[in-house]
Every structure is written in C-alpha cells, then in structure tokens.
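Okay, structure first, notes after.
The values are calculated or read from the model by the stated rules, or taken from the named source; none is laboratory data. Predicted model, so just to flag it, every value in this text is computed and none were measured. All Cβ positions, even for glycine, are placed from backbone atoms using ideal geometry, and neighbour counts span all protein chains on display.
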Amino acid sequence: MSQVLIVDDNTENLYLLRMLLQGHGHTVAEARHGAEALAKARHQPPNLLISDLLMPVMDGYTLLRQWKADDRLKAIPFMVYTATYTDIKDERLAFDLGADAFLVKPAEPEALMVSITALLAPPNPTQPSVRQPQLEEKALLKDYSETLFRKLEKKVESLQQTNRRLGAEIAERKRTEAALRTSEARYRQLFQAITDPVLVYDRTTLACLAVNEAAVAEYGYSRDEFLTMTLRDLYPAEDVPALMAQLAQSGSSLEHRGLWRHQTKNGEILSVEISAYGLTYAERSACLVQARNVTEQQRLEEQFRQAQKMEAVGRLAGGIAHDFNNLITVIKGYSELLQSRIPASDSATQLLSEIYQAGERAGALTSQLLAFSRQQVLAPQVLNLNTVVSHTEIMLRRLIGEDVILVTTLSPTLGSIKADPGQIEQVLMNLAVNARDAMPQGGTLTLATQTVQLDEAYCRTVADLSPGDYVLLTVSDNGCGIDAATQAQMFEPFFTTKPVGKGTGLGLATVHGIVKQSGGYIAVESTVGQGTTFQIYLPLVAEPVPEGRSQGRSRTLPQGTETILVVEDEDAVRALEIYVLQRCGYRVLEAADGQAALHLVEHEPGPIHLLMSDVVMPHLGGRELAAQITRIHPHCKVLFLSGYTDDAVIHHGVAKADVAFLQKPFTPSTLAQKVRQVLDGEAG
C-alpha cells in the first residue's frame, strides 16, 4: 500500500481523488497549494505526488521545479493532473521540468489508475523508464485508455450516482443545519425571556460566556462588559475565597448553592439565591447559573424577625409587669400616705420623697418596657398634633438647653389623629433628648407637621402599613448623625451607644413601640456628620377634635359611705387599697380571690355599691366574678385594676367602653378619685 500526496485548491477534486485512491488501497495526504505540499513531503516523503497547475501561493510549475531540485524528493514520481490545458506547449513545459506523467481533467478513473499504477510500479530494466517519459509514451497511454472507454463508462455512471448521493446528503445536512439554527434561536429566545439573571461561565477559567437581558438590567454591566469578566468579578472581594471553595466541590448536576452576595456595577450589594447546572457550551465545559434577587425578601424577613423579637421581649416584659406594678403600687402608696401625715418640716419628709421618686422612676421604667413592646394600656383620643407639640414646647426648651435652638413648623391645615397625648409627649421628649446628645456643641432641633398621602408603592416597602392619609411628624437635628450599623439596631430594646450609667437603651425602643401601637410607622434618615431626621406617620382620622374641659384636682381625698367589695390576690396591695378606702369613709369588704368574694356576697344582707377587683386571679378571674356578682346585685358598679399589659386585659374581656379600669401602679389619691368617679357614674 503506497502513500499518495494530492495537491489541489478545489475541495471537490480533492474529495474525488481521495475516494478513488483509497478505494484502490492507497493512503492519501492532501495539500491546498505547492508550499503546503513541499512542507508535508519534506516531513514525510510520499510514494507519489499528484498536482494541479493553477493554485494560490505556489502553482504546479513552481512546485515541480523545487521538487526536482530537492535531493530527497526528485526521485519520487510527480504526476501533473490539470484542467488547464491550452495546447501541447503546457505539456512539453511540464515534461521539460521533470514531470513523470501529464493527465488532463477529467480523466476516466480506469485511465487515471493505470497511470498511477505505472508510476508506483518498481522500475523494469527491459522497459523504458517512466521517469523519463517521452511524447510517444503518452500516445501509447492514450490509445490504451481508449480501449478501456466502455469499461470506464460504467465507472463514470457509478461516480455520478455517488455524486448524486453526496448531493442528497449535502442537502440533508443543510436541512439539519437549518433546523439546528431554528432550535438555537428558540432556546436563545427562552434564555433571554427568563426574568432572573442567568449567565454561563467556563468552569476552567470562570470567564463569562453568555448572559441574558435580566442580568444586564440587574447588574448594570453591558453584554460586552460581561464577556470580559469572570465569575469572581460579581462577588465582593471578601466572598471570593468561599466562592472558590464552593466551586471546587461542585459537580455537573443541578445544584442549589444557597444564598450569596453579588455586587452590581455601581457597588450595590445584592442578596441572591443561586441555582447552577453543568453543561457543554461552545465545546467548553461550562456552568449555567441562575441568580434570584432576594434582597427585598430578606429585608422583609428581617423586619418580621425583628417584630418577633420585639414581641418576645414584650411578652417577657408583660410577664414581669404584674409583679413590678404591685410592688411599685405598695411603695408609692405608703410613701404618699406617710407624706400626708408628716409635717413638711420633719427631716423624714425628704427621705419619703426619695422613696416616692424611686417608685416613680421604677413605674416609668416598667411603662417604657410596655411601650416598646406595644402592650401598654393607652387612653387614645382624637387630637390635633399641633396642640401636643405646642403644649410640650416649653418643657422641650428646658430639656434641650439654651445652646440648642428649637424651631417648630406646624401646618395650619393639619388633620386629626387618634392617640394617647401622654404617649405622644413621651415620643417628643425621647427624640429631643437624643437630638440634644447628638449636638454636644449646640445646634438646631426642628419639629414640623404636615398631612401626607402614602401610596401603594411606598406601603409595599413597609410591613403593616396601608395606603391612605397620614399626619407626618418630622423631628430633625444637625448633629453627629447615625451610622448604618447603629441604624440597624437603634430600635432594639436595651441597645445604646451611650456610656454605662448614661442611658437605659429604652428611649428609641419606647418611641418605636408607641408609634406602632398607635397604628403608625417611623422611618429614619441619617448621614454621619450632617444630622438625623425621624419621620413619624400617624393615621389621619375624620373625627373632629372634642372641646376640652378642665378638671381640677382636689388636695383632699374624696369621701363616701358606700359599701365596696375589694378582691385582690396580692396581700400588700389589698391592704393598701383597704386602708385608703376606709380613710375615705367607705365600708369595705375584702376577699383574696374570686371564690371567697362570692361567699361574702351570698352572706351579705345589704347592697354592694362597687366591686373593685384585680383582673387576673387564680381559679376565678375578675371578669367572671363581675358577671356573677352583677347578676345578684344588678346595680353594683365595677372597677377593674391590673398590673398586666393590654393583651392580658383584653384577653380577660375588660377593655370595653362600659367597664372602668385603673392601671397599676397607682397612688392613693388616684385610687380615691377613680372610685368616686365610678360611684358617681362619671367613669365608663
């Protein structure tokens, strides 16, 4: 089996020669021009060279000259096989340059193979050498080929059939390629239609190979910019080591790689949920990544977790509020009673005053705990926020000091809100104290009010806030500002940036709780070194502000002679209540629980004018007790007392308009006045 090197710039000619030679058992090498043929022959000399004449780079004549000039190649037969034939001069020139054979295309396959076989046959000393061809030899070959014409006709027909078959195959291949292009276009359309960012990267180099329109829109890079980037460029620098460790363990199947951080062109950090799948793309081992932006979802989840945390701490605060309030009631009650009996000149007065003030501070602390947890019992009323700001202004000026300028900008057309005025005053004071601390060298504190309308787009970004009309209270300072890390925790209970002993960490938590409990929303905007602005949105109500009436406070405890049934399971509190009521002239019956109270009522012949009961008691609660006693004494009035939070009171059915309620801790004077109001039918 011989190796034949064929040289032709026409692909079809190369194909036909290759098929013919391989069909006769020869191996074939190919070249497109003379220079390529010389390079291949010098690297691996063939047994025969068949060359066209007209070719680019180096034509057949030049190839023939260099072939016969090369000591290694000149002995190898050189056949000219060309369609460029004008006259005998072409043929003579080829033979003069050393050609071993000269055939004109298209030659019959049998004739062509006869010439090839003759050139590949070993030299015969008795016959003229084919390596020194003469024109007479060519004539003999031509005569011989004519004798084989009929046989070659069948071969031509076979070749034509082969050409037709190849044409059909080419047509089928074109149809297949068209279908493939259609399929690729369809999948490209689907790729671009995915609403999440999708990119394909090379698993070896991490280079981006393709991105969809959503990725361009999400990250801010153009498609061309993406194609110059690697997967690492989408991650913050501190996350790249973890990314590389993850990729080292990744396989080729569908993977959910969890939550990661991506960085946009403008530096914004996004939280994304990654899904990845290994594939082959453009003959490269690649991976398709889908990145779902869950930044907003995480923000809402964080708000929900924060709300849960606040609720948990609130439940804790509510659990201890009852015991705290009972103790504070006893401390404040007996302190006030002793102060009323000791002359002002007595040295013990100051000591009692300190005890009373300590009770006041303890009560305020408990109140703050309940306020931030939104479980405080409020007394909401329709009011104008401008009125509260104006009444609080004098106190705020004393609170912030002379080096802080207080500016108020109040809208004259402000609508009404429904809130506890005392709690709104507490919001103003807490924010004013924070502003003063943020301006140690002095500055400006601005309070402004206006009516605004919040649309659905804004409310979708805030949990538990509905579109509608709101009254906006803005509290601004030009102090030191609050950094982002502090802003993330500023409303958490017990979080404070103040030194030890300078704050409880409940100021802003209390503000947050009061605003939430009033149905509103609080937002903060702050820039370090420039100042802070708090925006408090409170729902607008259509009710008019009622006309106020002044209520004087009597210096003496109001008196009475009615019969009052006191039911309280805390002994110290019950003793204080009985002592105060008896001093006011009332006839008092006492019971430590609901069952004992019912027993007293069954054996009491006279009327009972007032039931004064704790709300939450073992065995029989205050609400159930009141229902049973009022069936026996229909004209008996009811006053509930409780140190529990709003949730506990509502749970026991107390927070209704027809029921009087007094929140612990209370003072003797407050208790006496409340009892008198209920008996006189003023409290409902």
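What's the total number of residues in the stretch 274-295 that are more than 17 Å from Q263 (Cβ to Cβ) and in contact with a strand residue (DSSP E or B) (Cβ under 9 Å, 6 or more places away or on another chain)? Please lay out each step first, then the result.
At the first step, the residues of the stretch 274-295 found to be more than 17 Å from Q263 (Cβ to Cβ) are 275-288, 290.
Filter once more, keeping what is in contact with a strand residue (DSSP E or B) (Cβ under 9 Å, 6 or more places away or on another chain): 275-282, 284-288, 290.
So the answer is 14.
Can you tell me which residue among T27, T11 is under 22 Å from K105 (Cα atoms) and under 60 Å from the mean Cα position of the chain (by Cα)? Steps first, answer last, please.
On the way: T27 fails: under 60 Å from the mean Cα position of the chain (by Cα).
After ruling out the rest, the residue left standing is T11.
Here S158, S183 are screened, and the one residue that is assigned to a helix (DSSP H, G or I) and loosely packed, with under 11 Cβ neighbours inside 10 Å is S183. Scanning the stretch 523-542 for residues that are surrounded by fewer than 21 Cβ atoms within 10 Å (Cβ to Cβ) and either of a type outside the set (S, T, Y) or in a loop (DSSP other than H, G, I, E, B) (or both) returns A523, V524, E525, V528, G529, Q530, Q535, P539, L540, V541, A542.
When the stretch 496-524 is filtered for residues that are basic (K, R) and at pLDDT 70 or above, only K516 remains.
So for the stretch 121-141 (the condition being modelled with pLDDT of 80 or more, surrounded by fewer than 15 Cβ atoms within 10 Å (Cβ to Cβ) and part of a helix (DSSP H, G or I)), does at least one residue qualify? Break it down into steps so the answer makes sense when it comes.
Of all residues in the stretch 121-141, those modelled with pLDDT of 80 or more come to 121.
Subset that is surrounded by fewer than 15 Cβ atoms within 10 Å (Cβ to Cβ): 121.
Okay, now just the ones that are also part of a helix (DSSP H, G or I), so none.
There is no residue in the stretch 121-141 that is modelled with pLDDT of 80 or more, surrounded by fewer than 15 Cβ atoms within 10 Å (Cβ to Cβ) and part of a helix (DSSP H, G or I).
Each residue in the stretch 443-465 was checked for being touching a residue at least 12 places away in the same chain (Cβ under 8 Å), under 25 Å from L410 (Cα atoms) and under 27 Å from the mean Cα position of the chain (by Cα), and 3 of them qualify. Out of the residues in the stretch 594-639 meeting the condition of being charged (D, E, K, R) and surrounded by fewer than 19 Cβ atoms within 10 Å (Cβ to Cβ), tell me which one is farthest from the chain's Cα centre (by Cα). That would be E604. Among the residues of the stretch 415-425, not a single one is farther than 22 Å from P544 by Cβ and not small (G, A, S). Filtered by the rule that a residue be in a helix (DSSP H, G or I) and among the small types (G, A, S), the stretch 194-246 gives A214, A215, A217, A237, A242, A245.
P546 meets each of the listed conditions (1) part of a strand (DSSP E or B); (2) surrounded by fewer than 19 Cβ atoms within 10 Å (Cβ to Cβ); (3) under 56 Å from the mean Cα position of the chain (by Cα) apart from (1). Within the stretch 381-421, being closer than 21 Å to N434 by Cα, assigned to a strand (DSSP E or B) and among the hydrophobic types (A, V, I, L, M, F, W, C) holds for V404, I405, L406, V407.
Only one residue in L465, L445, L472 is assigned to a loop (DSSP other than H, G, I, E, B) and surrounded by 17 or more Cβ atoms within 10 Å (Cβ to Cβ). Which one? Before you say what the answer is, go through the steps one by one.
Numbers: L445 fails: assigned to a loop (DSSP other than H, G, I, E, B); L472 fails: assigned to a loop (DSSP other than H, G, I, E, B).
Going through L465, L445, L472 in turn, just one is assigned to a loop (DSSP other than H, G, I, E, B) and surrounded by 17 or more Cβ atoms within 10 Å (Cβ to Cβ): L465.
Quick one: T280 ticks every box in (1) touching a Pro at 6+ places or on another chain (Cβ under 8 Å); (2) farther than 22 Å from A217 by Cα except a single one, so which number is it? Single failed check for T280: (1).
Going through (1) more than 25 Å from Q297 (Cα to Cα); (2) among the polar types (S, T, N, Q); (3) under 24 Å from the mean Cα position of the chain (by Cα) one by one, N212 falls short only on (1).
Just give me the residues in the stretch 1-15 being in a helix (DSSP H, G or I) and either charged (D, E, K, R) or within 12 Å of K40 (Cβ to Cβ) (or both), in sequence order.
Residues of the stretch 1-15 in a helix (DSSP H, G or I): 11-15.
Selection gives E12 alone.
Taking L231 as the residue in question, decide whether it is modelled with pLDDT under 90 and surrounded by 12 or more Cβ atoms within 10 Å (Cβ to Cβ). Walk me through how you get there before you give the answer.
Working: modelled with pLDDT under 90: no; surrounded by 12 or more Cβ atoms within 10 Å (Cβ to Cβ): yes.
Spelling it out, it is not the case that L231 is modelled with pLDDT under 90 and surrounded by 12 or more Cβ atoms within 10 Å (Cβ to Cβ).
Between A591, A575, which is within 60 Å of the chain's Cα centre (by Cα) and surrounded by fewer than 20 Cβ atoms within 10 Å (Cβ to Cβ)? Walk me through it before giving the result.
Working: A591 fails: surrounded by fewer than 20 Cβ atoms within 10 Å (Cβ to Cβ).
None of the others qualify; the one that does is A575.
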